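Here the structure comes first, spelled out in structure tokens, and everything after it is commentary.
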Amino acid sequence: MPQIQAAICREFGQPLTIETVTLAAPQMGEVEVTLKACAICHSDISYMDGAWGGTLPAVYGHEAAGHVSATGDGVRGVAVGDPVVVTLIRACGTCPSCAGGKPVACESDMATGPLTTGDGQPLHQAMHTGGFAERVVVDQSQVVKLSDAISMESASLLACGVITGVGAVVNAAGLRAGQDVVVIGAGGVGLNAIQGARIAGARRIVAVDMSEEKLAIAREFGATDGVLATEEKPWRAAKRAMGHGADAVFVTVGAIPAYDQAPQYLANGGRVIMVGMPHSGAMSTYEPVMLAATGQGMVGSKMGDVVIARDIPWMVDLYEQGRLKLDELISGRWSLEQINEAIADTRTGSAKRNVIVFD
């Protein structure tokens, strides 16, 4: 069994440690991928901070891309040497959710443990991926073969941030051309919701954020208007820009004030799409009579409700046409040894996506 380098979380809220760990060989239906890139998502940071619980010690990281370096028996669709994106979406294919076309909500645990520490103790493969490591072993349902036209750094973003934002628009909201959109939060996921709305043909796309700098970036990705969240009642400015309320409001941050205010942006019959994930136990409040009286609604969107074998190739094609921005999402490239610095930079909120790059 190979020895690899990995960044381990041994205590919530503390820096990661780079250690030599053991990776088991791929079993039936599993794929080993030698990684070239793994982006840092705010979900990784929330888990590492203990916001949602979890098992320690653990290797986090779930936005990864690389080349297949080994396969177990029964693997179909990919072979050694193929470039692939590695996602956290592990789907059994037979539970009610998978059979109903919702693999992101797979009800089967499918738990595996390919990692052990240097002294032989179990090491948790967080979010079914463990991408802050030189190699991973994952179920074949988690990988999608790529073309050679996309770099590994850009491809890694397709594992979570891009599919979550774009998918929330096209899958969860089912946005139609000519509709109006508000996106609360212009970070990594928010920028991709903005891109998704542009690609879907939205008439007005209003970005809401705390920073003028991030609103300027949002316009580069397709926002037609920007509103500072620090205004006393920012939904009024958004409605002025659109001429009325929004057909869909995407909350892409895990901030409770954003969730509390989201219905204020809606038109009659509009919907709030809940994408950002607050810490466990955090509560938001609404006046249900207003939602009922105006025919409004709220819907959760996990990972953009994507089917990765369908949606990732489509997004790669959009990228190759120049219609989906990926390269522009990368704020910085870091080595595995610099991962704590990269996490600290991500915490500032200024980075779109920081990417760990492996030699």
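The values are calculated or read from the model by the stated rules, or taken from the named source; none is laboratory data. Not measured: the values here are computed from a predicted model. Counting neighbours? That spans all protein chains shown, and the Cβs are built from the backbone with ideal geometry, glycine included. Side chains included, ligands, DNA and RNA excluded: accessible areas come from the protein's heavy atoms. Shrake-Rupley method; radii C 1.70, N 1.55, O 1.52, S 1.80 Å.
Screening residue 94 with (1) open to solvent by 20 Å² or more (accessible area, probe 1.4 Å); (2) among the polar types (S, T, N, Q); (3) touching a residue at least 60 places away in the same chain (Cβ under 8 Å) gives one miss only, at (3).
For residue 281, the test of being assigned to a loop (DSSP other than H, G, I, E, B) and either of a type in the set (Lys, Arg) or surrounded by 13 or more Cβ atoms within 10 Å (Cβ to Cβ) (or both) is failed. Filtering region 215-234 to residues that are open to solvent by 20 Å² or more (accessible area, probe 1.4 Å), over 24 Å from residue 318 (Cα atoms) and not in a loop (DSSP other than H, G, I, E, B) leaves 226, 228. For region 11-22, the count of residues that are within 18 Å of the chain's Cα centre (by Cα), of a type in the set (Gly, Ala, Ser) and open to solvent by 10 Å² or more (accessible area, probe 1.4 Å) is zero.
With the requirement that a residue be open to solvent by 50 Å² or more (accessible area, probe 1.4 Å) and either closer than 18 Å to residue 155 by Cα or touching a residue at least 60 places away in the same chain (Cβ under 8 Å) (or both), what does region 335-356 give you? Listed by number, the residues that qualify are 337, 340, 347, 350. Could you check how many residues of region 195-207 are without any contact (Cβ under 8 Å) to a residue 40 or more places away in the chain and closer than 21 Å to residue 260 by Cα? Adding up the residues that qualify gives 2. Taking the listed residues 237, 262, 248, 258, the one that is open to solvent by less than 30 Å² (accessible area, probe 1.4 Å), touching a Lys or Arg at 6+ places or on another chain (Cβ under 6 Å) and not acidic (Asp, Glu) is 248, with no other qualifying.
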